[in-house]
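Enquirer: Pasting a structure here, questions to come.
The values are calculated or read from the model by the stated rules, or taken from the named source; none is laboratory data. Quick caveat, the model's predicted, so the values are computed rather than measured. Cβ sites come from the backbone with ideal geometry, for glycine too, and all protein chains shown count toward neighbours.
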Amino acid sequence: MTVEQTSDETLDETSEEKKPKRLSRSTPMGMVAAARYPDQSDRQTVANGIRDQDADLVIGHLTPTSYKTESVCGIDLKLEPLSPSLGTVVHGIDLDRDIRHPEIVEFLREIWLERRVVMFREQQHLTRDGLIRFAECFGELGAHHGERDHVPSGPRTPDGYPDILPIQSGEKHPGAASEWHSDATWSSRPPMGSILICREAPPVGGDTNFCDGYGLWEGVSRETKARIKTMQAVHIGQPHHAMDGHIPEAVHPVARTHPETGRTVLFVNRVFTRRFADEHGLDDIQTQSLLQELFANIGRPEVTCRFRWGVGSVAMWDNRAVQHCATADFWPHRRLMERVTILDSDVARRTPYLALSDEA
Ligand SMILES: [Fe+2]
């Protein structure tokens, strides 16, 4: 199980089958459910009430959308920015057919590097093989958590597709990866990118949010930048990332140089970054104080964009330059996603580093 997968969280306050199950308000899913259907604590009543509220929703296109037009290989594209600094939805492309054109792949890679996240809609015809073919246009296909020597023993994958990670939530499994993180930074060589396709979407909710790592670095004070520029942080996986009984951990630079853009990223996240390397000599109070300072801007609306999923929506993010989190607000509806990871074809660029020219 990964942070993207269903967690062990439950909305049940009792596991006894014969008693009415009560709704727990202590999880994000429970908080939202309670706010939507107040004055009720019976879990089934709340689930039914929310389904009734959402029963009349229909899919439509009601909001004004601003976009740029671009023609590549005779294919007319519309580029819709989701926020000023990151996230672009590319409309008018078929990810199964059009990636045969090298110019299209090159164009998508440029947008991906510039905007950190590139999204697509209505790609439900993309099979698992098609998803893998698309990923392989940009690098080497990773295992479901990146490097093949860092594969957790636990997750169940679809038959014949060991590299595809299913991420499933529903009434009985209400979890979602709703804390900000980059994928698998507990690995010594985390994935370069991740691609998520939506196979089943809730009628409302379950959006994924992305946060700009460049913006986070810019937001650090000059004094703190000077202090942390040569520091290393320890990233520790969760129990479900265990391999052969060992929970993985890795040490990475706090300030990371993006190997393709040359820009500096703040490379710490709330889920996996627990402390700083021993050589820095920080005690617990100093560690927590510095971590909280570095985490302070993560998730600020100004450095984030938000993507609403429909069946066939796809998001491909630069895992070196953004953090992401799901929105745990869609219980009791179902949400089914599939994820693949991409590794940099240049093996030397997979290990996070700080370029000498960036050091203080
Ligand atoms: Fe994730």
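Enquirer: Answer yes or no: is there a residue in region 266-277 that is within 16 Å of the ligand (Cβ to nearest atom), surrounded by fewer than 23 Cβ atoms within 10 Å (Cβ to Cβ) and among the basic types (K, R).
Expert: Within region 266-277, one or more residues are within 16 Å of the ligand (Cβ to nearest atom), surrounded by fewer than 23 Cβ atoms within 10 Å (Cβ to Cβ) and among the basic types (K, R).
Enquirer: Here's something else I'd like to know. Against the condition under 27 Å from L290 (Cα atoms), more than 14 Å from the ligand (Cβ to nearest atom) and hydroxyl-bearing (S, T, Y), how does T230 come out, does it pass?
Expert: Yes, satisfied.
Enquirer: Let me ask another. Restricting attention to region 304-321, does a residue exist that is part of a helix (DSSP H, G or I) and touching a helix residue (DSSP H, G or I) at 6+ places or on another chain (Cβ under 7 Å)?
Expert: no
Enquirer: Could you count how many residues in region 86-123 are touching a residue at least 24 places away in the same chain (Cβ under 8 Å), touching an Asp or Glu at 6+ places or on another chain (Cβ under 8 Å) and farther than 22 Å from T304 by Cβ?
Expert: Number of matching residues: 3.
Enquirer: Looking at C325, C305, can you tell me which residue is crowded, with 22+ Cβ neighbours inside 10 Å, at pLDDT 95 or above and more than 22 Å from A233 (Cα to Cα)?
Expert: Sole residue among the options that is crowded, with 22+ Cβ neighbours inside 10 Å, at pLDDT 95 or above and more than 22 Å from A233 (Cα to Cα): C305.
Enquirer: Any residue in region 213-224 that is under 30 Å from L336 (Cβ atoms) and either assigned by TED's automatic domain parsing to the domain that holds Q292 or touching an Asp or Glu at 6+ places or on another chain (Cβ under 6 Å) (or both)?
Expert: Yes - at least one qualifying residue is present in region 213-224.
Enquirer: Does T341 qualify as being within 15 Å of the ligand (Cβ to nearest atom) and either in the same structural domain as R43 (by TED's automatic domain parsing) or among the polar types (S, T, N, Q) (or both)?
Expert: yes
Enquirer: Another question, then. Residues of region 47-85 being closer than 30 Å to W331 by Cβ, surrounded by 10 or more Cβ atoms within 10 Å (Cβ to Cβ), touching a residue at least 24 places away in the same chain (Cβ under 8 Å) and not hydroxyl-bearing (S, T, Y), which ones?
Expert: Selection gives A47, I50, R51, D54, L57, L82.
Enquirer: Picking from T157, T208, which residue would you name as being of a type in the set (V, I, T) and within 13 Å of the ligand (Cβ to nearest atom)?
Expert: One residue alone meets the criteria, T208.
Enquirer: Would you please name the residue that is surrounded by the most Cβ atoms within 10 Å (Cβ to Cβ), looking only at residues in region 213-227 that are more than 16 Å from the ligand (Cβ to nearest atom) and within 22 Å of L82 (Cβ to Cβ)?
Expert: L216
Enquirer: Tell me, which residue of region 90-123 that is part of a helix (DSSP H, G or I) and touching a helix residue (DSSP H, G or I) at 6+ places or on another chain (Cβ under 7 Å) is surrounded by the most Cβ atoms within 10 Å (Cβ to Cβ)?
Expert: So the residue we want is I104.
Enquirer: Taking V322 as the residue in question, decide whether it is of a type in the set (A, V, I, L, M) and more than 16 Å from the ligand (Cβ to nearest atom).
Expert: Taking the combined requirement at face value, the residue does not satisfy it.
Enquirer: Related question: When you scan region 151-237 for strands (runs of 3 or more DSSP E) that lie fully inside it, which ones turn up with 1 or more residues that are over 27 Å from D329 (Cβ atoms)?
Expert: 232-236
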